[in-house]
Amino acid sequence: MNYLTLLKFALPEAVVTATALGVLGLHSSRPRWRDLCELLAVVGLLLAAGVVLALPAHADVFRGTLVASPLNSLFEIVCLAFAMCAVAYARGERLAHRAEYIALLLFATIGLMLIVSSEEFLMIFIGLELTSLPLYVMTAFNKMDRRGAEAGLKYFLFGSTASAFILFGLSLIYGMCGTTVLSAIGEKVAAQTMTPLLAAGVVMVIAGLAFKIAAAPFHLWAADIYEGSPAPTAAFIASGSKVAAFLVLGRILFIAFGSVQGSATWHGFVAGWSPLLALLAALSIVVGNITALVQKNLARLLGYSAVAHAGYTLLGLLVPGHEGFTATLFYTTIYGFTLVGAFGVVALVRRQTGGDTIRDFAGLRFRSPLLAGCLAVFLLSLAGLPPLAGFFGKFYLFAVAMRANGMLWLVVIGLAGSLVSLYYYLIVVRTIFVDLPTEGVTTLQVAWTEKLVLFLLGAAVLLLGLAPNLLLGRIEISF
Amino acid sequence: MIAYTLYLTFVGAVIVLLAPRALARWIALATVVAGCGIAAITFLQTSDFARAQTIVRVPWIPALGIDYHLAVDGISLTMALITGLTAVSSVLFSWNVEWRQNEFFFWLLLVIGGSYGVFLSADLFLFYLFYELVIVPKYFLIATWGSTNKAYGAMKLTLYSFFGGALILVALLAAYATGGSFDLQQLSRFHFSSQFQFWAFPTMFFGFAVLAGIWPLHTWAPTGHVAAPTAGSMLLAGIVMKLGAYGAFRVAMNLFPQGFYAWRGAVAILAVIGIVYAAAVALRQRDLKFVIGYSSVSHMGFVLLGLATAQVLGAGGAVLQMFSHGIIAGLLFAVVGRMIYERTHTRDLTVLPGLALGRAIPFAAFTFVLASAAAMGIPGFSGFAAEITILLGAWRAYPALVIIAGAGMVLTAAFMLRALTKAFFGESTTSEAAGYDPISNAEKIGASLLLCATLAVGLFPNLLLDRILPVVQRMPWLN
């Protein structure tokens, strides 16, 4: 293993880095080239995706530091796709220093790619930090916006606390096992019984990652960030950051902690952390849905519903083996695409109507049929109605959960949560389609790029509902 | 060939949405006529009704062993036929819809297509997908084009449907987890333990029965029917309530015969309460549409009673009643919603006598007299054939309940006659004849179609029973 191999397998990340630097350089050159920043970023991201596809399918560089596998490649491409959508949204957004914003977005993308493609604790932590730091800045990017500043500060304080928890947990585990490679930790842990030290480490790592996926009770930042930050940031946090966090959470739980013995067999759960995760899932579903019920602002509503969706997604991680993890990954991916789309519409309406309360969406159908149709597709998919992707995603999660022992109660909570969520999504959909627009509101101006992105996302949500195997067949988990 | 009912309807729905406004209703009409034609031809041509004949079967989602599997037998053909008939007449009775015509017919066709899908599915996942697919179009139809209290009625109906769906999903997934398949035929051969059946059957059956309007979960039906536009009420009463009864018959009773055996007494009692209670409530209504709405609940009680007998005659009669009630309810709602309300703008039974509509719009009076005769169960109409078959079957199982149900029939006659005399044959209070629009050709054709169907079935019930009874005779739960 030499540095040339490392460079070869780090090439996608290198391409994105070069693109980010290129964007910054382009901005400081001639003023009329500044408009090309977004184009350059998209080209760079596409190139990186091409490189990911061209690399060998299986490889392991420096014992888990960089791992190439079909699963990792798939999710690197998914993260790149999310970044592309965010870049497309940034084009229309009023941002003071657009090039810097896009460069930060690209740096965050590199972090995601590292998280996704690594099976080693240090690299994962570096990836997490590399994602978080640019995102803190991107949240508070509009310095004059009070909501943005508040959101940025909250995200930074909560986020850095969560990072500290993860790091502390990792150091405890490293102290016990003497290694940072996930599979080696798994072997070491299997050989010993549950000690308080190990328990503390596991709980800290889970709590830190629960922050990233916005599971209750670590969810308090979500609604504020979704409401206050620029729409591309919110879209990226809700999609890319979340998908990568779920992937890494599942990987850590199954590979490193899969053999952690519970002190008591509880409801037939195998691993010791299962009760903790079940509690997080149940709490997220209940708290998220009930809080979303009273929201007047669509971005906040999406924020609290994100908490509930984190709860549904966690169900898959409670099922031992590949199938549960597959269900989790499928659900979180389609959820990411759905939310990116929803935030695209929210951004457009916010920009042109001046607000994003649910009332501002009244009669959207008359102001832009395409936007209204797409938003309805996204919201109804979130509610889990056929033939959209969310329906199969939930069906699959519940089906695998039902096959595991003693999970009936969680499925029942999940279904009750879905029923509640249908109500608040339908209220929004009714406002869009049935209510008439308030006076003085004109048709929305939508640029063709935004139209294209939203149309593609809507079509993807419909297509993955009709033919889920397109994505499901590609999620091959190897451990 | 019958699979094309499904494809044609969905393709038609998409075309209607994109077509120019002037063409919308013609495309919708062409689609439903084609669907009805295909259903009728297949109905007449098929020779072996007793066992389910597979039409299409291709692997769809291998991860869960889900196939795209359509199959027909005599009962699904009967239900496809009533779907086609109701669809054609509902499009004819919404010929005058002007407000957002394309969308209206789009949602209408989605309800119809989803219903065909439910009746033809032989895979539980596919079945459930179509079953849930019908929910959202109903919501839009009522919330956008409805009348009285439409937002409330639409939301109530949707949440009730979704609640029923959630109950079904729990039992369905439990059946999958135990039986290891989503294939209906394969699952019906699997022997679930009687303990399992004892809780799975009621969960699933009452989930379906919500949509079939079982007392005390029927309250969505009157408010929903009243709030819906005419075509919406016709589809709701004509097809959507049948989806519930069909699901109870095809899935719940078929998979869990022992559970059915244990619970059938309770079902029969609830069914009879529904018959009598709804008829008594209908007797006291001021709004003519509420009278018809409650009569639907009462008639669907007969379907549930027929199923609960677990006899060939009773269950066969129940299927016949589903067909018959689809036609009769369609007719009644058409007269009340389209012929009366859109001309007089009132449905108040204290106002209508003063208008003497019997002279003003004689065709409406003629149709209503025949339809209410059929609803009362006068020999020669389909209602009589169906209800007498059910009562004959029930006599052997529950003689006491038959007497109470008979009292319900008397109440039905009472409220139908009351509605009839008040709506059409009151003394005119104004001297000048009100100038109502004459009955249009579309209305005449639609009404004639349904009238012919109810007479045909009333005079030759064997046309349907020959196709229904062989299927019922093969059911595992026969007593």
| query | Has the range B:88-98 got at least one residue that is more than 14 Å from every other protein chain (Cβ to nearest Cβ), open to solvent by less than 30 Å² (accessible area, probe 1.4 Å), touching a Leu at 6+ places or on another chain (Cβ under 8 Å) and not in a helix (DSSP H, G or I)? | reply | yes
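This table checks each residue for (1) over 30 Å from A:Phe257 (Cα atoms); (2) hydroxyl-bearing (Ser, Thr, Tyr); (3) assigned to a helix (DSSP H, G or I); (4) open to solvent by 30 Å² or more (accessible area, probe 1.4 Å).
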position	(1), (2), (3), (4)
A:Ile285	no, no, yes, no
A:Ile290	yes, no, yes, yes
A:Leu301	yes, no, yes, no
A:Ala306	no, no, yes, no
A:His309	no, no, yes, no
A:Tyr312	no, yes, yes, no
A:Gly316	no, no, yes, no
A:Val319	no, no, no, no
| query | Scanning the range A:383-399 for residues that are free of Cβ contacts under 8 Å to residues at least 40 places away in the same chain and not in a helix (DSSP H, G or I), which turns out farthest from the other protein chains (Cβ to nearest Cβ)? | reply | A:Gly384
| Limited to the range B:266-284, what total is found for residues that are open to solvent by 30 Å² or more (accessible area, probe 1.4 Å) and either at positive phi or not hydrophobic (A, V, I, L, M, F, W, C) (or both)? | 2
| task | Restrict the check to the range B:95-115 and report whether at least one residue is hydrophobic (A, V, I, L, M, F, W, C) and within 26 Å of B:Ala174 (Cβ to Cβ). | result | no
| task | Check whether at least one residue in the range B:70-79 is touching a residue at least 24 places away in the same chain (Cβ under 8 Å), crowded, with 20+ Cβ neighbours inside 10 Å, within 14 Å of chain A (Cβ to nearest Cβ) and within 13 Å of B:Ala122 (Cα to Cα), and report yes or no. | result | no
| query | On the given criteria, is A:Gly406 at pLDDT 90 or above and either more than 21 Å from B:Glu103 (Cβ to Cβ) or buried (at least 20 other Cβ atoms within 10 Å of the Cβ) (or both)? | reply | no
| What number goes with the only condition from (1) open to solvent by less than 10 Å² (accessible area, probe 1.4 Å); (2) more than 10 Å from chain A (Cβ to nearest Cβ); (3) closer than 21 Å to A:Val429 by Cβ that B:Met204 does not pass? | (3)
| field | Which listed residue is over 23 Å from A:Leu456 (Cα atoms) and of a type in the set (A, V, I, L, M, F, W, C), from A:Phe325, A:Phe343, A:Phe361, A:Phe391 | value | A:Phe325
| Do we have any residue at all in the range A:360-373 that's in a helix (DSSP H, G or I), under 30 Å from B:Leu64 (Cβ atoms), out of contact with any Leu (no Cβ under 7 Å at 6 or more places or on another chain) and touching a residue at least 40 places away in the same chain (Cβ under 8 Å)? | yes
| said: Take the residues in the range B:134-152 that are in contact with a Ser or Thr (Cβ under 8 Å, 6 or more places away or on another chain) and among the aromatic types (Phe, Trp, Tyr); name whichever of them is farthest from the other protein chains (Cβ to nearest Cβ). | reply: B:Tyr152
| said: If a residue counts only when it is at the interface with chain B (Cβ under 10 Å from one of its Cβ atoms) and out of contact with any strand residue (DSSP E or B) (no Cβ under 6 Å at 6 or more places or on another chain), which helices (runs of 4 or more DSSP H) contained entirely in the range A:400-479 have at least 2 such residues? | reply: A:408-433, A:448-466
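Please work out which residue is farthest from A:Leu385 (Cα to Cα), limiting yourself to the range A:445-479 and to residues that are polar (S, T, N, Q) and at pLDDT below 90.
Filtering the range A:445-479 for residues that are polar (S, T, N, Q) and at pLDDT below 90, the one farthest from A:Leu385 (Cα to Cα) comes out as A:Ser478.
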| request: Only residues that are facing chain A (nearest Cβ under 10 Å) and touching a Leu at 6+ places or on another chain (Cβ under 9 Å): list them for the range B:47-63, please. | output: B:Trp60, B:Ile61, B:Pro62, B:Ala63
| If you go through the range B:110-133, how many residues are touching a residue at least 24 places away in the same chain (Cβ under 8 Å) and either within 25 Å of B:Ser188 (Cα to Cα) or within 7 Å of chain A (Cβ to nearest Cβ) (or both)? | 16
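Only one of A:Leu329, A:Leu380 is under 15 Å from the mean Cα position of the chain (by Cα) and in contact (Cβ under 8 Å) with a residue 40 or more places away in the chain; which?
Every option except A:Leu329 fails the conditions.
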| note | Sole miss for A:Gln192 among (1) touching a strand residue (DSSP E or B) at 6+ places or on another chain (Cβ under 8 Å); (2) surrounded by fewer than 17 Cβ atoms within 10 Å (Cβ to Cβ) is condition (1)
| said: With the requirement that a residue be open to solvent by less than 10 Å² (accessible area, probe 1.4 Å) and in contact (Cβ under 8 Å) with a residue 60 or more places away in the chain, what does the range A:195-218 give you? | reply: A:Leu198, A:Val202, A:Ile206, A:Ala210, A:Ile213, A:Ala214, A:Ala215, A:Ala216
| query | So B:Leu109 fits all but one of (1) in contact with a Gly (Cβ under 9 Å, 6 or more places away or on another chain); (2) farther than 24 Å from B:Leu29 by Cβ; what number is the exception? | reply | (2)
| said: Condition first: modelled with pLDDT of 90 or more and more than 10 Å from every other protein chain (Cβ to nearest Cβ). Now tell me which residues in the range B:170-180 satisfy that. | reply: B:Ala171
| query | Mind checking whether some residue in the range B:149-160 is at pLDDT 90 or above and within 18 Å of B:Leu304 (Cβ to Cβ)? | reply | yes
| said: The conditions are (1) open to solvent by 10 Å² or more (accessible area, probe 1.4 Å); (2) of a type outside the set (Gly, Ala, Ser); (3) more than 22 Å from B:Ala315 (Cβ to Cβ); (4) at pLDDT 90 or above, and B:Ile403 fails exactly one of them. Which is it? | reply: (3)
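Let me confirm something: among A:Leu11, A:Leu53, which residue is modelled with pLDDT under 95, open to solvent by 50 Å² or more (accessible area, probe 1.4 Å), out of contact with any Leu (no Cβ under 8 Å at 6 or more places or on another chain) and farther than 21 Å from A:Ala238 by Cα?
The match here is A:Leu53.
From the list B:Leu187, B:Leu236, B:Leu211, B:Leu167, exactly one residue is surrounded by fewer than 24 Cβ atoms within 10 Å (Cβ to Cβ), touching a residue at least 12 places away in the same chain (Cβ under 8 Å) and more than 12 Å from chain A (Cβ to nearest Cβ). Which is it?
Of B:Leu187, B:Leu236, B:Leu211, B:Leu167, the one residue that is surrounded by fewer than 24 Cβ atoms within 10 Å (Cβ to Cβ), touching a residue at least 12 places away in the same chain (Cβ under 8 Å) and more than 12 Å from chain A (Cβ to nearest Cβ) is B:Leu187.
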| query | For the subset of the range B:47-66 comprising residues that are assigned to a strand (DSSP E or B) and within 27 Å of the chain's Cα centre (by Cα), which member is nearest to B:Asn462 (Cα to Cα)? | reply | B:Gln53
| query | Residue check: is B:Val251 under 27 Å from B:Tyr139 (Cα atoms), touching a strand residue (DSSP E or B) at 6+ places or on another chain (Cβ under 7 Å) and touching a residue at least 60 places away in the same chain (Cβ under 8 Å)? | reply | no
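The values are calculated or read from the model by the stated rules, or taken from the named source; none is laboratory data. All values reported here derive from a predicted model rather than from experimental measurement. Every residue, glycine among them, receives a Cβ derived from its backbone with ideal geometry; neighbour counts consider all protein chains shown. For the accessible areas, the whole protein counts, side chains as well, though only heavy atoms, and no ligand, DNA or RNA atoms are used. Shrake-Rupley method; radii C 1.70, N 1.55, O 1.52, S 1.80 Å.
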